[in-house]
Structures are given as C-alpha cells and as structure tokens.
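Note sheet for the following structure.
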Amino acid sequence: MLVALSIVCGCSAEPVDQTDQTWDSAGGNPTHATHSYLTEHALDALQDAHPALATYRADVLDGANEELHELPVADPELESLRLEAGGTNSGCEHPEVYFAHAEERWLAGDPAKALWFVGILLHFVEDLGVPAHALQVWHESSPTTWDHFELLAFQRWAPRFDDVNREDPAFASPSDYVAFSGDWAASDFGESFPGVTYERTLFAMTWLFAPDSQKAFVEQREGRTATAATWALAAAIQSLEALNPSP
C-alpha cells in the first residue's frame, strides 16, 4: 500500500537511526517528507527577506527532519539534545532548549549550526500540528500502533491556505509556537469532529477510503501547520538577527 508505512514514529526501546518517523521525516521517506514540505513552505515565504535562510536552507531542513522524541537515538549529539529537552512521544518538555542553542551558535559566528537548531525547533512546531501529538495520544511505527491521520498525510501533500483562522501571535520566543501549534490542532479537531474522542485509528488508513470530512481536515491541518511553522521561523530569524545582523 505504502512504501514507507513504517515512517510514523520510532517503535523500539533500542537506539534508532531516525529512519522510522513522521509526520514523516526525510530519513525514511523515499519520496518527499512531510516535515520537508512544511519547512520548505516557511523558508520560501521568508528567505527573500532573510538571506541567511537561503544560504543555510539545507541546515534548517536537516534540523526539521530530526526526530528527538521519547526513544533513544544512536547519534551521541542528538541523544544528548533529546535528553536535555526532555523528548516525549507527543513532543518535548523544553523546546526552548533548542532555541537557546541556536542563539549561542549564532553569537559564536556559526549560523549553519544555529539554523540547524532552529530546524529542530520547527520540527516540534510541526509535530504539534498533528492531533495525536496535540492530544497526547500515544502512537508508534509498528502496524499495530500507527496513527492513521499521519498515514493520510504521508500519502498526499495538499495543504489548504484559504481558511487559516488564526493570526500570528508574534511571540517573542519562537519556542512558544510549539504549544500554540498544539492548541490550534486540538481546537481544530474539536470543531471539525464535535463530541468525538481522538484515537489513532479514527481516520482511514488510505486516502482512497477516507471520507471527505477526513480529507478536508488533513488538508486544513497541513496548511495551518505550515503557517504556524512560518510564523515560528519568522520569530526565530528575527530574534537571531536582533542579536547580531551578520554572524
């Protein structure tokens, strides 16, 4: 059915190599990862005004495709960062850790690494756009623990931007967009499916059999999550440039 149906989230207690993850991430997607789509939308919107985002575009994308949740990872640097930020199945306890590292690297004259850390922060903003993450519904990558919303998103990138129903809160700290994104996703689910309790098997497993209401919701969430990622990236690059316009 899908080449990468196992790309949902790490499923073993052993260290993983970041290839079994989602919305989905680049390490395990043979086509084009959802995290890449979401981050590319943000970069495309902002890089003309902020040339560093064009210069270090690949670093932002690399960071956005890292998976630092509750499972140990094999790379020592990534594992240290995962523990420092308190990775959880839904996200992480301290997203501000990643932006603190970004600020330190920017001031040290290392914009590539700084923007890699920003990408990691964007990953969590993007993950919280998924109802399962926002509502803390546990899910993993084995066939018995897949989140079906994520499977639908993997199969089709079709974001809707015509009904974005929030404005940028213009947070001073880009890390605040993580909780904001989760609140937005949870609110959207409640409004779209009133009285329904979210379960990871609630949605259809394939686009072919999904009802129109589910398809529309996935498209809406893709567009609104890409928008939240854009706002978070804008806050991050503006904060870094305020520290030092020319790192």
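A few remarks follow.
- Taken over the stretch 208-241, the criterion of being under 16 Å from Gly182 (Cβ atoms) and basic (Lys, Arg) is satisfied by Arg221, Arg224.
- Restricting the stretch 111-150 to residues that are of a type in the set (Asp, Glu) and in contact with a helix residue (DSSP H, G or I) (Cβ under 9 Å, 6 or more places away or on another chain), the residue that is nearest to Leu202 (Cα to Cα) is Asp147.
So that you can scan it fast, the table gives a plain yes or no per residue for (1) open to solvent by less than 10 Å² (accessible area, probe 1.4 Å); (2) out of contact with any strand residue (DSSP E or B) (no Cβ under 6 Å at 6 or more places or on another chain); (3) on the phi > 0 side of the Ramachandran plot; (4) not acidic (Asp, Glu):
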position: Tyr177; (1), (2), (3), (4): yes, yes, no, yes
position: Asp188; (1), (2), (3), (4): yes, yes, no, no
position: Ser192; (1), (2), (3), (4): no, yes, no, yes
position: Tyr198; (1), (2), (3), (4): no, yes, no, yes
position: Leu202; (1), (2), (3), (4): no, yes, no, yes
position: Pro211; (1), (2), (3), (4): no, yes, no, yes
position: Ala216; (1), (2), (3), (4): no, yes, no, yes
position: Thr230; (1), (2), (3), (4): no, yes, no, yes
position: Leu240; (1), (2), (3), (4): yes, yes, no, yes
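- For the stretch 135-171, the tally of residues that are under 18 Å from Leu233 (Cβ atoms) and at pLDDT below 95 stands at 0.
- Residues (assigned to a helix (DSSP H, G or I) and farther than 21 Å from Phe171 by Cα) located in the stretch 222-247: Glu222
- Qualifying residue in the stretch 143-165 (condition: polar (S, T, N, Q) and within 30 Å of Leu240 (Cβ to Cβ)): yes
- All positions within the stretch 103-131 that are among the hydrophobic types (A, V, I, L, M, F, W, C) and not in a helix (DSSP H, G or I): Ala108, Leu128, Val130
- Given (1) small (Gly, Ala, Ser); (2) open to solvent by 70 Å² or more (accessible area, probe 1.4 Å); (3) more than 21 Å from Lys113 (Cα to Cα), index of the condition Ser246 fails: (3)
- Inter-residue pairs, beta-carbon under 7 Å, first over 16 Å from Asp163 (Cα atoms) and in the stretch 206-225, second polar (S, T, N, Q) and in a helix (DSSP H, G or I), 6+ apart: Thr206/Gln155; Trp207/Gln155
- On inspection, Val137 does not qualify as buried (at least 16 other Cβ atoms within 10 Å of the Cβ), among the β-branched types (Val, Ile, Thr) and either in contact with a strand residue (DSSP E or B) (Cβ under 8 Å, 6 or more places away or on another chain) or under 17 Å from Thr34 (Cα atoms) (or both).
- Any hit, the stretch 62-76, residues being surrounded by 16 or more Cβ atoms within 10 Å (Cβ to Cβ), out of contact with any Ser or Thr (no Cβ under 6 Å at 6 or more places or on another chain), assigned to a helix (DSSP H, G or I) and not aliphatic (A, V, I, L, M): yes
The values are calculated or read from the model by the stated rules, or taken from the named source; none is laboratory data. Being a predicted model, the structure only gives us computed values, none of them experimental. Methodologically, a virtual Cβ is constructed for each residue, glycine included, from the backbone with ideal geometry; neighbour enumeration extends over all protein chains shown. Protein only, heavy atoms only, side chains kept; ligands, DNA and RNA dropped before computing areas. Shrake-Rupley method; radii C 1.70, N 1.55, O 1.52, S 1.80 Å.
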